[in-house]
Amino acid sequence: MITVLVADDHPLFRKGLRALLGSMPGVSLAGEATDGKAAVELALSLKPQLVLMDLHMPGGDGLTAIRRLAALPDGPHILVVTMFEDDDSVFAALRAGARGYVLKDTDDEEMTRAILAVGHGEAIFSAAIASRIVAFFAGRPPAEPFPGLTSSERNVLQLMSRGLTNDVIAGELSLSAKTVRNYVSNVFSKLHVASRAEAIARARDAGI
């Protein structure tokens, strides 16, 4: 029996996963979490074999949770189930310790295959994700991290990842404190994060 913990902040998506898991012989739902912090706490208490993890959730991001769970002795296998298919998200999740990565619009047949594969310790990726991984290892030059950021926003993120405060960043870049705050807000929005710590974690995962 594969026991599964679902970590996702969208009730309707969790409902769909509940229905799918309920239709799968040899699979049972152990519990549900709505953020990364709760996912870690539930995984420690319920000890599921598999965690279906969204990457971006308010109150605790999935990447941090993946890193914590992957570091546990005999920790659960982790299958990322998310809307994000950009290179930054994919490779950050793999570096953190995920064994699989599928998109939320994956059909039931493919999702079932992914759940069973990762639940049994295999690695699996949806077609769109697999093509990115193949291209990467075929030697394609890596895409610049976070292409949606402007050069100024990227500079601010780089200084944030070094642990500098907004006031210090303003001095480093000869900008006003208000301008830096605006850039920080833009970075949060474009990276789909809710806190400075999450932005820094994503920047470091991307090698910034």
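The values are calculated or read from the model by the stated rules, or taken from the named source; none is laboratory data. Given the structure is predicted, the values throughout are model-derived calculations rather than measurements. Glycine gets a Cβ as well: all are built from the backbone with ideal geometry, and neighbour counts include every protein chain shown.
So MET57 clears everything in (1) assigned to a loop (DSSP other than H, G, I, E, B); (2) at pLDDT 95 or above except one condition, right? Which one?
(2) is the only condition that MET57 fails.
Inspect all residues belonging to region 121-134 and state whether any of them is among the small types (Gly, Ala, Ser), in a loop (DSSP other than H, G, I, E, B) and modelled with pLDDT of 85 or more.
Our first condition is that a residue be among the small types (Gly, Ala, Ser); within region 121-134, this holds for 121, 123, 126-128, 130-131.
Among the residues that remain, those that are also in a loop (DSSP other than H, G, I, E, B) are: 121, 123, 126.
From what's left, modelled with pLDDT of 85 or more: 121, 123.
Yes, that holds for at least one residue.
Restricting to region 160-177, name every residue that is touching a residue at least 24 places away in the same chain (Cβ under 8 Å) and of a type in the set (A, V, I, L, M, F, W, C).
Passing the criteria: only MET160.
Is there a residue being assigned to a helix (DSSP H, G or I), of a type outside the set (A, V, I, L, M, F, W, C), surrounded by 13 or more Cβ atoms within 10 Å (Cβ to Cβ) and in contact with a helix residue (DSSP H, G or I) (Cβ under 8 Å, 6 or more places away or on another chain) anywhere in region 139-146? Give the derivation first.
Filtering region 139-146 for residues assigned to a helix (DSSP H, G or I) gives none.
So far as region 139-146 goes, no, none of its residues is assigned to a helix (DSSP H, G or I), of a type outside the set (A, V, I, L, M, F, W, C), surrounded by 13 or more Cβ atoms within 10 Å (Cβ to Cβ) and in contact with a helix residue (DSSP H, G or I) (Cβ under 8 Å, 6 or more places away or on another chain).
Is it the case that some residue within region 92-101 is part of a helix (DSSP H, G or I) and farther than 17 Å from LEU50 by Cβ? Outline the logic, then answer.
First, pick out the residues of region 92-101 that are part of a helix (DSSP H, G or I): 92-96.
Among the residues that remain, those that are also farther than 17 Å from LEU50 by Cβ are: 92, 95.
For region 92-101, residues part of a helix (DSSP H, G or I) and farther than 17 Å from LEU50 by Cβ: present.
Of the residues ALA98, ALA117, ALA65, which single one is under 15 Å from the mean Cα position of the chain (by Cα), of a type outside the set (S, T, N, Q) and over 19 Å from HIS192 (Cα atoms)? Step through it out loud before you land on a result.
Working: ALA117 fails: under 15 Å from the mean Cα position of the chain (by Cα); ALA65 fails: over 19 Å from HIS192 (Cα atoms).
Exactly one residue qualifies, and that residue is ALA98.
Condition first: assigned to a loop (DSSP other than H, G, I, E, B), without any contact (Cβ under 8 Å) to a residue 60 or more places away in the chain, out of contact with any His (no Cβ under 6 Å at 6 or more places or on another chain) and not assigned by TED's automatic domain parsing to the domain that holds LEU21. Can you find one or more residues in region 178-196 that meet it? Let's see the steps before the verdict.
If we filter region 178-196 for residues that are assigned to a loop (DSSP other than H, G, I, E, B), which is where we start, we get 192-195.
Still in the list and also without any contact (Cβ under 8 Å) to a residue 60 or more places away in the chain: 195.
Applying the additional criterion that residues be out of contact with any His (no Cβ under 6 Å at 6 or more places or on another chain) yields 195.
Checking which are not assigned by TED's automatic domain parsing to the domain that holds LEU21 leaves us with 195.
Yes; the residues of region 178-196 include at least one that is assigned to a loop (DSSP other than H, G, I, E, B), without any contact (Cβ under 8 Å) to a residue 60 or more places away in the chain, out of contact with any His (no Cβ under 6 Å at 6 or more places or on another chain) and not assigned by TED's automatic domain parsing to the domain that holds LEU21.
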